[in-house]
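The values are calculated or read from the model by the stated rules, or taken from the named source; none is laboratory data. Predicted, not measured: the structure shown is a model, and the values here were computed from it. Every residue, glycine among them, receives a Cβ derived from its backbone with ideal geometry; neighbour counts consider all protein chains shown. Just the protein is used for accessible areas: all its heavy atoms, side chains included, with ligands, DNA and RNA removed. Shrake-Rupley method; radii C 1.70, N 1.55, O 1.52, S 1.80 Å.
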Amino acid sequence: MDLHGFGASALAFVVAFVAAGLFTVIFKIVYQWATPYNEGKLIREGNVAAALALGGALVGYVLPLASALSNTTSLLEFCAWAALAGVLQIAAFTLVRVVVMKDVTARIEKGEVASGVYLMSISLAVGVLNAACMTS
């Protein structure tokens, strides 16, 4: 076993994992700031719709991060793709809220699961397309 090679690979893994984790936390904070309702409060109260919507946004964001990690050759390039992925996820939510389903905020706050599933589906679809479009 080549310990030197493993050490370099392990360090690259740690850097990539930490960077992706930090971007995910930052995305979650910004996404929750961009939504007009308090996901944390709603989820603590048992609101499944809010949990589905937020969970879908997080998975929809992490999918392109995984693709970026596989397709980029530098940390800076990864950071650029990660930022773009976050912008696209928030833009998708905003488009749904402003154009497609103007009452989605009230529906999520009321706990309408169908609205949560719809938002989750949009987030996952955006994430999959975003991930597929990322190439180095």
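Numerical summary
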{"item": "Convex hull projection area averaged over all views, the stretch 71-136, Cα basis, nm²", "result": "4.8 nm²"}
{"item": "Accessible surface, the chain, averaged per residue in Å² (probe 1.4 Å)", "result": "56 Å²"}
{"item": "Of all accessible heavy-atom area on the stretch 12-109, the percent that carbon and sulfur account for (1.4 Å)", "result": "74 percent"}
{"item": "Sites Leu124 and Val15, calculated FRET efficiency, Cβ-Cβ separation with R0 22 Å, nearest 0.05", "result": "0.20"}
{"item": "Those trypsin sites (Lys or Arg not before Pro) in the stretch 13-102 that DSSP places in a loop and that have at most 15 other beta carbons within 10 Å", "result": "Lys102"}
{"item": "Relative contact order, percent, the stretch 41-91 [alpha-carbon distance under 8 Å, six or more residues apart]", "result": "33 percent"}
{"item": "Ellipticity estimate at 222 nm from DSSP helix runs (n ≥ 4, -39,500 (n - 2.57)) divided over the chain, nearest 500", "result": "-28000 deg cm²/dmol"}
{"item": "Which of Thr24, Leu119, Cys79, positive extreme of dipole for the chain (C-beta unit charges)", "result": "Leu119"}
{"item": "Rg and Dmax of the stretch 18-95, Cα atoms only, in Å", "result": "13.2, 43"}
{"item": "Over the chain, relative contact order from alpha-carbon pairs under 8 Å, at least 6 apart, %", "result": "35 percent"}
{"item": "Sites Ala106 and Glu45 - FRET efficiency at Förster radius 22 Å, r taken between beta-carbons, to 0.05", "result": "0.90"}
{"item": "Coordinate range along principal axes, alpha carbons of the chain, Å, largest first", "result": "57, 29, 21"}
